[in-house]
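The values are calculated or read from the model by the stated rules, or taken from the named source; none is laboratory data. The structure displayed is predicted, hence computed values, not measured ones. Here Cβ is always computed from backbone atoms with ideal geometry, including for glycine, and neighbour counts include all displayed protein chains. SASA here: full protein model, heavy atoms, side chains in, ligands and nucleic acids out. Shrake-Rupley method; radii C 1.70, N 1.55, O 1.52, S 1.80 Å.
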Amino acid sequence: MSTTKKLGLREKYRLMTRGLGWETTYQPMDKVFPYQSFEGIKIHDWDKWEDPFRLTMDAYWKYQAEKDRKLYAILDAFNQHNGHLNISDARYVNSIKLFLQGITLSEYNAHRGFVHLGRQFRGVGPRVASQMQALDEIRHAQTQIHALSHYNKYFSGFHGFQGMYDRLWYLSVPKSYFEDALTAGPFEFLTAISFSFEYVLTNLIFMPFMSGAAYNGDMATVTFGFSAQSDEARHMTMGLEVIKFMAEQDPDNIPIIQRWMDKWFWRGYRMLVLVAMMMDYMLPKKVMSWSEAWEMYFEQAGGALFEDLARYGFRMPKYADVSVKEKDRYSHEAWAALYHYGAAAGLHTWIPTSEEMEWMAEKYPNSFEQFYKPRLDYWDEQQKAGKRMYCASLPQLCQVCQIPAWFTEPDDPTQLCHRETEYKGETYHFCSDGCCDIFKGEPEKYIQARLPTHQIYQGNCGGASIEEVLKWSGIEVGHDNLDYLGSDDQKNWERWKHQTAVEKKIA
Amino acid sequence: MIEIRTATIEPLRNTFDHVARVLGGDKPASRYLEGTLKLQSEANFNYQALWDKEHELYDPSRTAIEMADWYAFIDPRQFHYGSYTNARSRQQEAAESNFDFVEKRDLLRFVDDAARQKMARVLVPLRHYEWGANMNNSFIASFAYGSMLNIPATFHAMDRLGIAQYLTRIGLLLGGVETVDAGKDAWLNDPAWQGLRKVTEDLFVEKDWFEVFVAQNVVGDGLIYPLVYRHFVQDIGVQGSTVAMLTEFMSDWSDESSKWVDSVIRIAAAESEKNRQQLAIWYKKWKALTLAAVRPIATDLAGVSAETLQNIENALDARAKKLGLEIGGL
Amino acid sequence: MTVNALYPDYQGKVRDAESNFHGGRLLYVAWNRHLMFTNPFAYLVQPDMKFGDFVKTVMAPSFETHPDWAKIDWTKVTWHRKGESFAPDCSKTLKENGLAHKAAIQFSTPGLDGIGGLGI
């Protein structure tokens, strides 16, 4: 029809999305969209929202189904041919255990946040964009489970991921992060997840895990990762549009958003410590160091982004400078802590090989040999003498990020960093100024933090003994935890590799 | 190529712990179950929501329906994202070739003005009904307890957006942007549509997501879909074949997705007498309201007889009864 | 600052009030320049426990795996709390020493600087 042809793409998409909505009259709009104003964000004209992408549902179904057909074809082949035997080394598998334990159900949480916004945003444009992201997040959670389902059949540490997310101590870090965003208002959720997480920090999850998988021969993870990439590109575009839209609506929005950027940068950065540790220690074949990744993806890319956003009056998130000071120690402090709590982890830990330590010395010339190698060497000696370090004392946790307070003073890597404050007669402790500031911004929220250490002492975690708590947390004691050396994973791996070698000879 | 004999690489287990518990043992599990079971957190929530004083972040008490196990709601279609998009992608391919066929041959040319207007008057305002259904299912998806319900509810919400977009395309085919605008004007101002718009808006402010499920997916669609995509499309006569082509997606979708809708009601009703009664109360309440709202659309716009509408109502009652609802008067 | 919520007077539950610990209370301890213990430890203690007993029966099992522990001269140990020095009396209870619920203390062992003198 001639009339149809005259319609531009943009107009047509508007007709297909925001044209569907209407101002309600039988019920007041404020009752239909009750969450719109309490955060103080002022929106004068929802129509100014620029659709970050234009996908009608028929096109969405078509493209996404195509991608999924390819993905599942590869996964089927991977499973059929025991693709797990092609990875670099069985230690690698621990990085994807961490992924399944910490990220997959977080994707589901993100889904719930977006589906909520997909109903509750007053503007139809952002509502449709949120709905599509909600649907994508289901995809991510499910394809991750499906890709790693095969590993679950052959390795420890995957089987209990569902129960672990609500119970295992270190998973309270991502869990509380997402619950913090989900319990916030709609605009803060978008600033937290769409902007701070998807736009500013997502490369620091995507690159280490997906390139890490590629370097280490894990085709299943590579495949779901790269298949998710085009979805992520849409999510990132939305993240930037969200900020620009809010900023352009009213100057009063700027300080509110800046506060959220500060908070969610620091929240996200702290959560990424798990990724830092995975990059530097858990990949047998390294992609790049955490320090290099932070320089490339945050200092350079993030720096350019905030220069661009300066025209709205935004500045770099508070304590970005601390993150730069910490980049030479971030992964080392985390891995040491996990190693020393290796009896209480849902994955294996180990002392890096001497080649790996050489790599670290090269990547961290100003810190590794001075501060971290001697500790690893000492533990290595102890382990060889039959005294593998397994710390049984519960850690003090940060009230906000919930990470054990293992971080050191920004200007002194030998001194633990400790901040405390009082609120309504109670004392609260923090790992950093960043977390302490977040608490002071909304103390009534963070006093509710469910810190695993305290929950154990209150008797809410299955019992008083460490073994009971671990069992309650979903860990099979003696199988999922402890050192890689002597683990089921190691024994099975060596048996399979031996068998494969024999068969190769026969063939 | 090295073929590794699978006998030498025995799996240690077949599925995840939480899936094995549901299956009653460690057995190979479908992608549907592994991808759908228990993705939602159930305990140890940290913070009270800033937007809800009364409930935990995920809370089963957001509905009056009570279930011992919120994972009893197996989707008969067993949709996970991959199989869902695959199914819809096939349907959209068929829809696309139908639209192509109609456009290329300019088939609407053979439809006389009166019929064309009638089609526009009935079908185009329905894009807003679908958008309302999208909002209501997004609401269900955001508050339903558990991933077993929330995931298919999300699919259902997106389906409604898709259908609203197909209806928009039909509007454009029938008369361009003007026709689409006229449809919106009718939805907003034409007395015949006001009842349905009021029911839709009233649902936007309901708090119990299961009640919204009954009102929208059982009652609303249970009346609108047979009325429009079966009777109206058939009754419009020879010219209806073109409309039937353009609305094939909707009728196929309704046949398929109502299996899921029915399963949700059947399972909730079978759980307890209390649920059964609650569902029947909602059903009766919303059927009375929706039926009154649909009547002028049926008679004044679609030209569907009172008798046909009665048949549609009877069929819906029979369906509800079969699902376990005690609705009386049958 | 107050929390900006949809409803007035957003109030959180104090999750870790002392009353939730069944008569015990929390005490956090860190050993300065001994990062073999990567973070401070959290202990559930009885307020009427003597400070000396706390060191011997609660802290020792945590820290004694470190070779420095056995070498500590307790007369030279310095304690800190909230950035200020703190002088606990070993014969008095934790409560009498002013260690309220969730107090955090650090101790330094002059002359003992960790493995290889590196603060480990």
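In the condition set (1) in contact (Cβ under 8 Å) with a residue 60 or more places away in the chain; (2) surrounded by fewer than 20 Cβ atoms within 10 Å (Cβ to Cβ); (3) closer than 17 Å to residue A:208 by Cα; (4) among the charged types (D, E, K, R), residue A:259 is compliant with all but (3).
Scanning segment C:9-49 for residues that are within 19 Å of residue A:449 (Cα to Cα), open to solvent by less than 20 Å² (accessible area, probe 1.4 Å) and out of contact with any strand residue (DSSP E or B) (no Cβ under 8 Å at 6 or more places or on another chain) gives C:10, C:12. If you check residue C:106 against the conditions, is it in a strand (DSSP E or B), within 11 Å of another protein chain (Cβ to nearest Cβ) and among the polar types (S, T, N, Q)? Considered against the rule, which asks whether it is in a strand (DSSP E or B), within 11 Å of another protein chain (Cβ to nearest Cβ) and among the polar types (S, T, N, Q), residue C:106 comes out as yes. Residue B:65 falls short of the stated requirement of being of a type in the set (A, V, I, L, M, F, W, C), part of a loop (DSSP other than H, G, I, E, B) and closer than 27 Å to residue A:140 by Cα. Scanning segment A:64-78 for residues that are open to solvent by 70 Å² or more (accessible area, probe 1.4 Å) and within 26 Å of the chain's Cα centre (by Cα) gives A:70, A:74.
For segment A:440-455, the set of residues classified as out of contact with any Lys or Arg (no Cβ under 9 Å at 6 or more places or on another chain) and among the β-branched types (Val, Ile, Thr) consists of A:453 only.
Taking first residues from segment A:162-174 that are more than 7 Å from every other protein chain (Cβ to nearest Cβ) and open to solvent by 10 Å² or more (accessible area, probe 1.4 Å) and partners that are among the hydroxyl-bearing types (Ser, Thr, Tyr) and not in a helix (DSSP H, G or I), the Cβ contacts under 8 Å between residues at least 6 apart in sequence or on separate chains come to A:169/A:473. Contact map, segment B:162-180: residues that are at the interface with another protein chain (Cβ under 8 Å from one of its Cβ atoms) paired with residues that are among the acidic types (Asp, Glu) and buried (at least 21 other Cβ atoms within 10 Å of the Cβ), Cβ distance under 6 Å, separation 6+ or inter-chain. Pairs shown: B:164/B:130. Taking the conditions exactly as written (free of Cβ contacts under 8 Å to residues at least 60 places away in the same chain, more than 8 Å from chain B (Cβ to nearest Cβ), of a type in the set (D, E, K, R) and surrounded by 24 or more Cβ atoms within 10 Å (Cβ to Cβ)), does residue A:232 satisfy them or not? Against the criterion (free of Cβ contacts under 8 Å to residues at least 60 places away in the same chain, more than 8 Å from chain B (Cβ to nearest Cβ), of a type in the set (D, E, K, R) and surrounded by 24 or more Cβ atoms within 10 Å (Cβ to Cβ)), residue A:232 does not qualify. One residue alone among A:87, A:145, A:103, A:138 is of a type in the set (Val, Ile, Thr) and farther than 22 Å from residue B:150 by Cα, and that residue is A:87. Can you name the residue in segment A:201-227 that is among the small types (Gly, Ala, Ser) and open to solvent by less than 10 Å² (accessible area, probe 1.4 Å) and is also farthest from residue A:312 (Cα to Cα) among such residues? Here the answer is A:220.
Kindly indicate whether residue C:6 is within 12 Å of chain A (Cβ to nearest Cβ), surrounded by fewer than 19 Cβ atoms within 10 Å (Cβ to Cβ), within 25 Å of residue A:450 (Cα to Cα) and of a type outside the set (S, T, N, Q). So residue C:6 passes the test. As a summary of the residue check, residue C:82 satisfies the conditions (1) under 12 Å from the mean Cα position of the chain (by Cα); (2) open to solvent by 10 Å² or more (accessible area, probe 1.4 Å); (3) more than 10 Å from every other protein chain (Cβ to nearest Cβ) except for the one numbered (3).
Apart from one condition, residue A:121 fits all of (1) open to solvent by less than 10 Å² (accessible area, probe 1.4 Å); (2) within 9 Å of chain B (Cβ to nearest Cβ); (3) closer than 26 Å to residue B:143 by Cβ; the exception is (2). Only one of the numbered conditions (1) in contact (Cβ under 8 Å) with a residue 12 or more places away in the chain; (2) at the interface with chain B (Cβ under 7 Å from one of its Cβ atoms) is violated by residue A:151, and that is (2).
Entry remark, segment A:140-152: residues being within 15 Å of residue B:30 (Cα to Cα) and out of contact with any Lys or Arg (no Cβ under 6 Å at 6 or more places or on another chain) number 9 in total. Here A:382, A:415 are screened, and the one residue that is out of contact with any helix residue (DSSP H, G or I) (no Cβ under 9 Å at 6 or more places or on another chain), open to solvent by 50 Å² or more (accessible area, probe 1.4 Å) and either facing another protein chain (nearest Cβ under 9 Å) or in contact (Cβ under 8 Å) with a residue 12 or more places away in the chain (or both) is A:415. For segment A:318-326, does any single residue satisfy the condition of being crowded, with 17+ Cβ neighbours inside 10 Å and under 26 Å from residue B:44 (Cβ atoms)? Checked against the condition, which is being crowded, with 17+ Cβ neighbours inside 10 Å and under 26 Å from residue B:44 (Cβ atoms), segment A:318-326 yields no hits at all.
Is it the case that residue B:188 is hydrophobic (A, V, I, L, M, F, W, C), over 15 Å from the mean Cα position of the chain (by Cα), more than 23 Å from residue B:33 (Cα to Cα) and at the interface with chain A (Cβ under 7 Å from one of its Cβ atoms)? So residue B:188 passes the test. Within segment A:454-480, being buried (at least 19 other Cβ atoms within 10 Å of the Cβ) and closer than 11 Å to residue A:344 by Cβ holds for A:456, A:469, A:470, A:473, A:475, A:480. Just a yes or no: is a residue in segment B:137-147 in contact with an Asp or Glu (Cβ under 6 Å, 6 or more places away or on another chain) and either open to solvent by less than 10 Å² (accessible area, probe 1.4 Å) or assigned to a helix (DSSP H, G or I) (or both)? No: zero hits. Here residue C:20 clears all of (1) part of a helix (DSSP H, G or I); (2) more than 10 Å from chain A (Cβ to nearest Cβ) except the condition numbered (2). If you go through segment A:421-439 and keep only what is at the interface with another protein chain (Cβ under 7 Å from one of its Cβ atoms) and open to solvent by 50 Å² or more (accessible area, probe 1.4 Å), you end up with nothing. Quick check on residue A:139: is it at the interface with chain B (Cβ under 7 Å from one of its Cβ atoms) and open to solvent by less than 10 Å² (accessible area, probe 1.4 Å)? Yes: the conditions hold for residue A:139. Taking the listed residues B:54, B:34, B:10, B:42, the one that is more than 31 Å from the chain's Cα centre (by Cα) and either open to solvent by 20 Å² or more (accessible area, probe 1.4 Å) or facing chain A (nearest Cβ under 8 Å) (or both) is B:10, with no other qualifying. Considering every residue within segment B:16-25, establish whether at least one is within 7 Å of chain A (Cβ to nearest Cβ), over 26 Å from residue B:209 (Cβ atoms) and in a loop (DSSP other than H, G, I, E, B). The answer is yes; a qualifying residue exists. Just one of the listed residues (C:46, C:106) is of a type in the set (S, T, N, Q), touching a Gly at 6+ places or on another chain (Cβ under 8 Å) and at pLDDT 95 or above, namely C:46.
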